[in-house]
Each structure stands twice: as structure tokens, then as C-alpha cells.
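Notes for the one structure printed next.
What follows draws every value from the coordinates through simple rules; no lab data is involved. Since the model is a prediction, treat every value here as computed from it, not as a measurement. Neighbour counts run over all protein chains shown; Cβ positions are idealised from the backbone, glycine included.
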Amino acid sequence: MTRQEILNELKKVISPYTTNKEMLAQINEDTDLLKDLKINSANLVDIIIDAEAKYDIEIDYDEADKMMNVGSCIDVISEKIGQKQQ
Amino acid sequence: MLSTGNDIVSLNTINVTRTKQPNFYSKILTPTETALHQEPYFATIPFEVFVWLLWSIKESAFKFLQRIDPEIIFTPVKFEVTQLEIPASFKIQAFNIEKLTGISFDNIETIKSNISFGNYILYSNSLIYQEFISTVVNGAEDFSCTYWGVKQIESSKVVIQSTEVRAFLINNLTDNQFTIGKNIRGIPVLLKDNMELSIPVSLSHHEYYIAYSFQLPV
């Protein structure tokens, strides 16, 4: 999957957890999940679990803590998808 | 360095089924912490509430330390709750009032914990009601100069939550000439005449509940 494809899918994963749909429509790799999308921190684990299910990957603790903006989420997901395909 | 950290979790909005799934709670609790729930003292606390209690403690600890070290990243399992004290015959009650404020936690039933993160040892007090969990973390066991408040509000919109929690804190200060801003790292600060004061404040909101804490020197 390309980064753009992951980003498009990630939008769907994030959507239930943000009320800022306008910002969601415009997200890019620099978008911060908490500050820009106003996602409550209590939903961060939900997003990780949903991403795991969506891409059939497992994201461990050390990787999860990098997932604060969209670009870093794509980095982690992309790396995990790559590992799965090896 | 003086700091404070708080968090609030609205229990009406948590996903109980998901919270009980190991792939969910294992991202928040260490195996040692998970085992703590088997202790007889915690029989009155459902597991999903226990998970969110520890989340609330860890998030508060993170907010406390973020003021000291802005580079810290929040990884819940790296904040270890090493001790958890619950009052004997603790029972979760309904929050039948609009708001609750206090200085220290001496006259109220709370769950106390010690939290370890790297070389830091922190201390917390948590209130648990049927509707929410609210935690305040301090760098010492003495909370006598810790001011806190919890309030129910009528809207869950982020902009309203944000406005309400600031007003709630300001209204509980003796001098309401203060305002609340954010420093360049996004951490809330108390301002007077646009000058940052050395009084650390922490704000939190979740759904229909808001909470604050601030810490004065002992």
C-alpha cells in the first residue's frame, strides 16, 4: 500500500473518534491527533486497536507511543504491513 | 520543580466489552498491574473501571512530568502503578451534585497510588463515581497545597468543554483577574496581565465532565 492509500484508510479509522470532520477531510501527515483533530486521549488505544484489526497487524507499546500524528501512524502501519509481507 | 497533572474519564462513554479484551487493556496495564485487580480489596471495582482508573492515573502522571520534561512521550505501560490503596468497604456511588472542589484530599474517600516512571516516583488521589474517574497527581505524598475541582457540564462539544473548564478554575481562585493560556509546548499556564505565573495548572475534560488541578508551594 502507498502512504496515500494508508492515509485514506486511516481517515476511516479515526473518523468515529473526532467531531472535527472539517479538519479530518483535510488531514495530512503533519496533522496531530490530539491537538488538531481534538481526539480525546482516552480514544488513542481505540484507534490503535482499530488500526490493528484493519491491517491485520500488531502494534506494540513502543510503537504505539509514536502514533501522535498522522505521518507517524502511517510510518508504523507501513512498517508493520511490510514485516507481514516478508 | 512544582507541577501538577490531572485527568478525567467519563465512565458513561467507555466501551466495556472492548476494555475487557486483553489486546486492549494490555496496552494500558502491565501484567503486574493486571494481577492487582485480583486482590480482594478491589472486589467492589469492576475490571473495566479498574483499567480506566489506571489509565487516569497514568495520564495524570504523564501530564505532571510533561511540564518538567517536554520530551516525554505517553506510553501507559511505562508508567507503573506500584502501589494502590483503596479504602476499606469502598463503594462506587452516584455523583449527585453539579460540582465538587477541594484543597487536599484529607476529607474525602479516594484511591491512592504510587507511580513509577524512570527515576521518578509520583503520588495520586483518584475519585471514582458511577459517572467518572478523576485523578490528580503530585510529586509528593502531601497534597495539602493541591487544589482541585470536578464539574458536570451540559455540552460535550470540545470548545464548550475547554471554555467551561477554564472558567471553573478561574472562578475558584481568590483573585479572578487570572486567565489561562498555553505555553509554546501546549501546556496550560496561569497568566496575570499576560505574564506567566509559576503556579502549575492542569485541565481535563471528557464528554460531560471537566476537572482541574493546580499546585501551590508547600
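Table for the structure above
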{"read-out": "Relative contact order (%) - chain B, alpha-carbon pairs under 8 angstrom, separation at least six", "value": "27"}
{"read-out": "Förster radius 22 Å - calculated FRET efficiency between residue B:163 and residue B:92 (Cβ-Cβ, nearest 0.05)", "value": "0.15"}
{"read-out": "Qualifying aspartates and glutamates (Cα of each under 19 Å from Cα of residue A:80; at least 8 residues distant if same chain)", "value": "A:5, A:9, A:29, A:46, A:50, A:52, A:56, A:58, A:60, A:62, A:63, A:65"}
{"read-out": "J(HN,Hα) series, the stretch A:4-21, from Karplus relation 6.51 cos²θ - 1.76 cosθ + 1.60, nearest Hz, glycine and proline x", "value": "5, 5, 5, 4, 4, 6, 4, 4, 5, 5, 6, 3, x, 9, 10, 9, 8, 5"}
{"read-out": "Choice from B:142, B:193, B:106 with maximal GNM fluctuation in chain B (Cα, 10 Å cutoff)", "value": "B:193"}
{"read-out": "Helical contribution to [θ] at 222 nm, DSSP H n ≥ 4, -39,500 (n - 2.57), averaged over chain B, rounded to 500", "value": "-6500 deg cm²/dmol"}
{"read-out": "Simple Cβ-charge dipole of chain B, Lys/Arg +1 and Asp/Glu -1, about Cα centre, in debye nearest 20", "value": "460"}
{"read-out": "Proximal lysines to residue B:91, defined as alpha-carbon separation beneath 18 angstrom and excluding residues fewer than eight positions away on the same chain", "value": "B:112"}
{"read-out": "Gaussian network model of chain B, springs between alpha carbon atoms under 10 Å - residue of B:197, B:11, B:54 with greatest fluctuation", "value": "B:197"}
{"read-out": "In nm, spacing of pseudo-spin labels at residue B:191 and residue A:83 (7 Å Cα→C-beta vector)", "value": "4.4"}
{"read-out": "Within the stretch A:3-85: Cβ-based charge dipole about Cα centre, in debye rounded to nearest 20 (Lys, Arg +1; Asp, Glu -1)", "value": "340"}
{"read-out": "Whether the stretch B:5-215 is rounded, prolate or oblate, judged on the alpha carbon gyration tensor where a/c under 1.5 counts as rounded", "value": "prolate"}
{"read-out": "Rounded, prolate or oblate (a/c below 1.5 giving rounded, otherwise prolate when a/b exceeds b/c) for the stretch B:111-214 by Cα gyration tensor", "value": "oblate"}
{"read-out": "Hz values of 3J(HN,Hα) by residue in the stretch B:154-165 - Karplus curve (6.51, -1.76, 1.60), Gly and Pro given as x", "value": "9, 10, 9, 5, 4, 5, 6, 3, 5, 5, 5, 5"}
{"read-out": "Exercise: per-residue mean of other protein chain Cβ atoms within 10 Å, A:35-48", "value": "5"}
{"read-out": "Estimated distance in nm for a label pair at residue A:30 and residue B:13, the labels positioned 7 Å out from Cα along Cα-to-Cβ", "value": "2.8"}
{"read-out": "Greater than 27 Å apart at Cα, pairs in B:63/B:99; A:84/B:63; A:12/B:157; A:54/B:182", "value": "A:84/B:63; A:54/B:182"}
{"read-out": "Degrees, to the nearest 10: B:47-68 long Cα axis against longest axis of chain B", "value": "40"}
{"read-out": "Protection-proxy order for peptides B:60-70, A:2-12, each taking the mean of Cβ atoms within 10 Å per residue, highest first", "value": "B:60-70, A:2-12"}
